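**Q** Here you go, one structure.
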Amino acid sequence: MREMSRFTQGLAAGIILSAVGFFLAAGVLGPWLQDLGSRKEAQMLSLLHEQLAEDYVVAKDPTWLMRQGVKGMMASLEDPYSYFVGPQHLRATEEESEGKLIGIGALVVHGGLIRYPVVGGPAESAGLRPGDTILSVDGVSVKGKAMGELLSRVKGLPGTSVSLSLSREDGSLFETEVVRREVPTGTVAKVALLDREKGIGTLHLRSFARSTPSELDAALAELEAHGPLRGLILDLRFNTGGLLDATVDIASRFLDKGRICSLIGRQGWLQERSADSDLTPHPDLPVVILINARSASGSEILAGALRDGGAAILVGEPSFGKGVYQRVQKYPSGEFAVKFTAGYYLTPSGKILEGHITSDRVGGLLPDIPAPHPDSTGLRSWL
C-alpha cells in the first residue's frame, strides 16, 4: 500500500510537472520560438548589412546601406503610394498636414512652369513672375524631370537658399537666388459670391489639412455676411487629398448623419467614419462639386459621401481614382520614414475608389454632369 501511495504521488507530480511544462511551452516558449522563426528574414538582412559594411571593397556608411535596403523594399512593392522618405524630406511630409509649406512660395505645374508666386512670399521677392519656367536648380538641369524630383531639389530647410535659372515668356533667361522660409498657403481659396441676390457662393478647397475645417467655417461665414447662403459651388479640382480627419469634418459640415466612408484592410477589418451632427451648420444646403482628373483621395471621399448622402451633385471630369489610406512609420534613429498603403477607402454606397494599384478595377468617380475644363490636365504642386 505504501508503494502504491508513492506511485500515486509520483504520478500526480508527473502530471503536474507536465501540465506546468505544457503551459510554459504554450505561454512562454511558444511565442518566443514563433518570434524567433519570424525573425529569420531580419537576421539574414542584418548579416548581409554587416558583411557589406565590413568587407565590401569600397567603404560604405552603414546608415547609408541600411537606408538603401529600405528603399529597395519600398520600390519592390511597385505601389505609387508607398515610398521611402529620407532625412532631408521628413519635414516636407508634414507641411501639407499643417496647411503650410516651407519653400520658395510658388505654384508650379508640370514642366516647371510657374503659375504664380505667393504674394509677399520669397519667390515674388526674388523676382519670379507668372509664366516663368524653371530650367535648372543649383546648376542641375530639371528639363523633363518628374515633378517629384523638381520638388525635392527646390524645397529645403528654412533659411537655406536655392539658385534658380528660369526662362521668361519672352524667351530671355533669368537667374536668381531664393531664400526658403515658411509660407502660409491656406487650403481654402477663391471665396466669392457668384450671385448675391440668389445667395450662391463658391470656394476652392486646395487640400485637407488640420486647418481646413476652421478655414472653411471662416469662408462660409464670409459668404453669409452678405445674406443667407442658398447654394454652394465647391471646387475640388486639383485637390489631391490630405488628412482623413479633416475630410470627415468637412463632410460633416453638410451631412448631419450617415457614413462618410469605410476603411478595409488586408485582413478584411472594416472601420466606418460617420458624420458628426454637432459640426453640421448647413445640412440642407444644395452643393455642386467640381471635380477633374486630378481630384483624388480626400476629394473623392468628400465628393462620394456628399453625393451618396443626397447633399451634392458632381460636375466635371472623372476623378483620379486614389482610394487608399496610408500608414506612416517613422524610424527616428535612422532619420527616415516609410509611407505605405494599408487599405482601401469605400464610399457609403460601397464603391472602392482605388483604380491604380491593380489593373482589374476601375476606380474614381464619374460626374453626374460631364463638363471638361481646358485647364484640367496640368499637374500642379506647391514649391
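**Q** Determine the gain in length on full extension of the stretch residue 349-residue 210; use 0.36 nm per residue of separation and subtract their C-alpha separation, reporting nm with one decimal.
**A** Values: separation 139, 0.36 × 139 = 50.04 nm, distance 2.68 nm.
Roughly 47.4 nm would be gained on extension.
**Q** Mind checking the full-extension length gain between residue 195 and residue 270? Use 0.36 nm per residue of separation minus the Cα-Cα distance, one decimal, nm. Show your work: numbers first, answer last.
**A** On the way: separation 75, 0.36 × 75 = 27.00 nm, distance 4.29 nm.
Fully extending the segment from residue 195 to residue 270 adds 22.7 nm.
**Q** Give me a comma-separated list of calculated 3J(HN,Hα) values for region 305-311, in order, Karplus coefficients 6.51, -1.76, 1.60 applied at θ = phi - 60°, integers in Hz, x for any Gly or Pro.
**A** Working through the residues one at a time gives 5, 5, 5, 5, x, x, 9 Hz.
**Q** At q = 0.26 Å⁻¹, what log₁₀ I(q)/I(0) does a Debye calculation on the Cα points of region 267-346 give, no solvent, two decimals?
**A** Values returned for q = 0.26 Å⁻¹ are -1.23.
**Q** Something else about it: At 7 Å along the Cα-to-beta-carbon direction for both residue 362 and residue 226, put a label point, then send me their distance in nm to one decimal.
**A** 4.0 nm
**Q** Using θ = phi - 60° and the Karplus curve 6.51 cos²θ - 1.76 cosθ + 1.60, what whole-Hz ³J(HN,Hα) does each residue of region 125-140 get, with Gly and Pro shown as x?
**A** 5, 7, x, 5, 10, x, x, 5, 10, 6, 9, 8, 10, 6, x, 9
**Q** Just to make sure I understand: if all protein chains stay in place, what is the order of 153, 129 by accessible area at 1.4 Å, largest first? Each step should come with its number before you reach the end.
**A** Details: 153 90, 129 135 Å².
The ordering from most to least exposed comes out as 129, 153.
**Q** So how far apart, in nm, are the two label points at residue 175 and residue 39 if each is 7 Å from Cα heading toward Cβ?
**A** 5.6 nm
**Q** State in Å² the accessible area per residue of region 246-352; use a 1.4 Å probe, count heavy atoms of protein chains only, and round to the nearest integer.
**A** On the way: 4620 Å² over 107 residues.
Result: 43 Å² of accessible area for each residue.
**Q** While we're on this one: Give the separation of the Cα centroids, region 123-183 to region 264-343, in Å.
**A** The distance from the Cα centre of region 123-183 to that of region 264-343 comes to 32 Å.
**Q** Specify, per residue and in Å³, the volume enclosed by the convex hull of the alpha carbon atoms belonging to region 136-273. Before the final figure, lay out the partial values.
**A** Details: hull volume 25.9 nm³, N = 138.
Here the figure is 188 Å³ per residue.
**Q** Report the Rg/Rh value for region 147-223, based on alpha-carbon coordinates and the Kirkwood definition of Rh. Could the numbers behind the result be given before it?
**A** Details: Rg = 18.4 Å, Rh = 16.0 Å.
My calculation puts Rg/Rh at 1.16.
**Q** Report the residues of region 150-178 in range of a label on residue 141: point 7 Å along Cα→C-beta, backbone N strictly under 16 Å from it.
**A** Residues passing the 16 Å test: 150, 165-167.
**Q** Quick one: Karplus J couplings for region 231-237, per residue in order, coefficients 6.51, -1.76, 1.60, θ = phi - 60°, nearest Hz, x for Gly and Pro?
**A** Values per residue, Gly and Pro as x: x, 9, 9, 9, 8, 10, 5 Hz.
The values are calculated or read from the model by the stated rules, or taken from the named source; none is laboratory data. These numbers come from a predicted model, not from an experiment. Note that each Cβ is placed from the backbone with ideal geometry, even for glycine, and that neighbours are counted across all protein chains shown. Areas reflect the complete protein model, heavy atoms only, side chains present, ligands, DNA and RNA absent. Shrake-Rupley method; radii C 1.70, N 1.55, O 1.52, S 1.80 Å.
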